Amino acid sequence: MLSMVERGGDDAREVGRLAHPLGGDAYTIGLTGAPGAGKSTLSTRLVAALRAAGDEVAVLAVDPSSPFTGGAILGDRVRMQEHALDAGVYIRSMATRGHLGGLALATPQAVRVLDAIGFTWVVVETVGVGQVEVEVAGAADTTVVVINPGWGDAVQAAKAGLLEVADVFVINKADRPGVEEASRDLQHMLDLSAEDGGGAWRPPIVPAVASKGEGTDQVLEAICSHRAWLEADGRLEAKRARRAGEELRSILVERLAARVQDAYRGEAFDAAAAAVLAREVDPWTATDALVDALGQ
Ligand SMILES: Nc1nc2c(ncn2[C@@H]2O[C@H](COP(=O)(O)OP(=O)(O)OP(=O)(O)O)[C@@H](O)[C@H]2O)c(=O)[nH]1
Ligand SMILES: [Mg+2]
C-alpha cells in the first residue's frame, strides 16, 4: 500500500479512501533538522523508549533524494537495525522520485495508511532544508527540531524556518562544546518570536547525546508534555481540524489547476483571447465567462 502511495495516481487515491475511515488514533511526531544532526540516531532511541512502554511505532524516513544525502537510506537502515526483528516496529524510507510535490502529497497518505493499520506512534523524519521538508515535518502533532551545539546552528535553523514549526528543540551531540551558546541563541530567538498573552506553548530545549542514549527520556517527556498541552482544551482537535482544512484546500487547488489547464487548451479559451485582442471584450469580462464555463 505504501508503494502505491509513493507512486501516486488513482491507486494512491484508492488506498487513501480505504484507509481514511480506519485511522485517527495514531499520534504523529515530526523530526527534522540539518543533515547529520542525529535525527535517525535519536529516532532509534525514541523507538526503543516507546517500545519499552509497549507501544507500536512506525518510522517514515523521508529521503529528499539529494546528492548530499545519497547515503541516508542505507545509513538509516544500518542504524535502525536493532529494531529489525521487532514486529512492533516498522521502518521505511520514502523516496520522492525527484518531483517536489510528490513528497508533500505522499507523506500524509503514508501516515494515513500506518494510522489505519494501528500504529500508536508514527515518526516522520525529514531533513530540515527546503520548504517542503520543513512543512512535512511541521504537519505532525508534535514537531521536534534537532540542532547541534555551537554558535550559529540555532541561527541556521531559524533561517530554514524551523523555529516556526518547532514544538520541542533537541540540542543533540551535547557531548560536544557549545551547548550553552546554542541554548542561549534559541532562548533569545524564542523571546523575540514569543506570542503575547498567556497560554502559548514555549518549546522546551532539551540537550541529548543520541549516540549514547543520553537525554532520550527527557526528549520523550517533552513530547508527552506537548501532547498533554495539545489535548487539554481541545487544542489537538483544533490543530487536526486545521490540517484537514489544509489538505482539502490543497486537493481543491490541485483539481482546479487541472481544470484550468484543460480550459487553457480549449477552443473557448482561444476564442476569448482573440476577442480580447480585437478589443471586443476586456480581459476581466472574458475571464468571467471562462470561470463560469469551468463550473459546468
Ligand atoms: N558525537 C555525537 N555524535 C552523534 C550523536 N548522535 C548522532 N551522532 C552521529 O552523527 C552522525 C549522523 O547521525 P544521523 O542519526 O544519521 O543523523 P541524521 O540527522 O539522521 O542524518 P541525515 O538523515 O543524513 O540527515 C552519525 O555518525 C551518528 O553516529 C551524538 O549525540 N554525539
Ligand atoms: Mg537520518
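How many residues are under 17 Å from the mean Cα position of the chain (by Cα) and near ligand 1 (Cβ under 6 Å from one of its atoms) if we restrict to the range 39-56?
Number satisfying all stated conditions: 2.
Just to be sure before I move on: is Gly70 out of contact with any Gly (no Cβ under 8 Å at 6 or more places or on another chain) and at pLDDT 90 or above in the structure I sent?
Details: out of contact with any Gly (no Cβ under 8 Å at 6 or more places or on another chain): yes; at pLDDT 90 or above: no.
It is false that Gly70 is out of contact with any Gly (no Cβ under 8 Å at 6 or more places or on another chain) and at pLDDT 90 or above.
Looking at Gly98, Gly102, Gly128, Gly150 in this structure, which one is more than 14 Å from ligand 1 (Cβ to nearest atom), at pLDDT below 90 and in contact with a Gly (Cβ under 8 Å, 6 or more places away or on another chain)? Don't jump to the end; show me each part of the working.
On the way: Gly98 fails: in contact with a Gly (Cβ under 8 Å, 6 or more places away or on another chain); Gly128 fails: more than 14 Å from ligand 1 (Cβ to nearest atom); Gly150 fails: more than 14 Å from ligand 1 (Cβ to nearest atom).
Criteria check complete, one pass: Gly102.
Any residue at all in the range 263-282 that is surrounded by fewer than 12 Cβ atoms within 10 Å (Cβ to Cβ), in contact with a helix residue (DSSP H, G or I) (Cβ under 8 Å, 6 or more places away or on another chain) and more than 30 Å from Arg202 (Cα to Cα)?
Checked the range 263-282: at least one residue is surrounded by fewer than 12 Cβ atoms within 10 Å (Cβ to Cβ), in contact with a helix residue (DSSP H, G or I) (Cβ under 8 Å, 6 or more places away or on another chain) and more than 30 Å from Arg202 (Cα to Cα).
Exactly one of these conditions fails for Tyr90: (1) at pLDDT 75 or above; (2) over 17 Å from the mean Cα position of the chain (by Cα); (3) within 16 Å of ligand 1 (Cβ to nearest atom). Give me its number.
(3)
Answer yes if at least one residue in the range 186-196 is surrounded by 19 or more Cβ atoms within 10 Å (Cβ to Cβ) and either among the β-branched types (Val, Ile, Thr) or out of contact with any helix residue (DSSP H, G or I) (no Cβ under 9 Å at 6 or more places or on another chain) (or both), and no otherwise.
First, the residues of the range 186-196 that are surrounded by 19 or more Cβ atoms within 10 Å (Cβ to Cβ): 186.
Cutting the leftovers down to either among the β-branched types (Val, Ile, Thr) or out of contact with any helix residue (DSSP H, G or I) (no Cβ under 9 Å at 6 or more places or on another chain) (or both) gives us none.
No: the range 186-196 contains no residue that is surrounded by 19 or more Cβ atoms within 10 Å (Cβ to Cβ) and either among the β-branched types (Val, Ile, Thr) or out of contact with any helix residue (DSSP H, G or I) (no Cβ under 9 Å at 6 or more places or on another chain) (or both).
So which residues in the range 172-185 are surrounded by fewer than 20 Cβ atoms within 10 Å (Cβ to Cβ) and in a loop (DSSP other than H, G, I, E, B), if there are any at all?
Asp175, Arg176, Pro177, Gly178
Any idea which of (1) in contact (Cβ under 8 Å) with a residue 24 or more places away in the chain; (2) surrounded by 15 or more Cβ atoms within 10 Å (Cβ to Cβ) is the one Ala286 doesn't satisfy?
Evaluating Ala286 over (1) in contact (Cβ under 8 Å) with a residue 24 or more places away in the chain; (2) surrounded by 15 or more Cβ atoms within 10 Å (Cβ to Cβ) leaves (1) as the failure.
With Val281, Val291 as the choices, which residue is free of Cβ contacts under 8 Å to residues at least 12 places away in the same chain, out of contact with any Pro (no Cβ under 9 Å at 6 or more places or on another chain), not small (Gly, Ala, Ser) and not in a helix (DSSP H, G or I)?
Val281
If Phe169 satisfies all but one of (1) assigned to a strand (DSSP E or B); (2) closer than 26 Å to Arg13 by Cβ, what's the number of the condition it fails?
Phe169 satisfies every listed condition except (2).
Can you name every residue in the range 115-127 that is aliphatic (A, V, I, L, M) and either under 17 Å from Gly54 (Cα atoms) or over 15 Å from the mean Cα position of the chain (by Cα) (or both)?
Listed by number, the residues that qualify are Ala116, Ile117, Val122, Val123.
Kindly provide the set of residues from the range 211-239 that are among the small types (Gly, Ala, Ser), surrounded by 14 or more Cβ atoms within 10 Å (Cβ to Cβ) and within 16 Å of Ala140 (Cβ to Cβ), ordered by number.
Result: Ala222, Ser225.
Kindly list the number of the only condition in (1) under 16 Å from Met94 (Cα atoms); (2) away from ligand 1 (no atom under 16 Å from the Cβ); (3) among the β-branched types (Val, Ile, Thr) that fails for Thr32.
(2)
The values are calculated or read from the model by the stated rules, or taken from the named source; none is laboratory data. Bear in mind the structure is a predicted one, so any value in this text is a computation, not a measurement. Here Cβ is always computed from backbone atoms with ideal geometry, including for glycine, and neighbour counts include all displayed protein chains.
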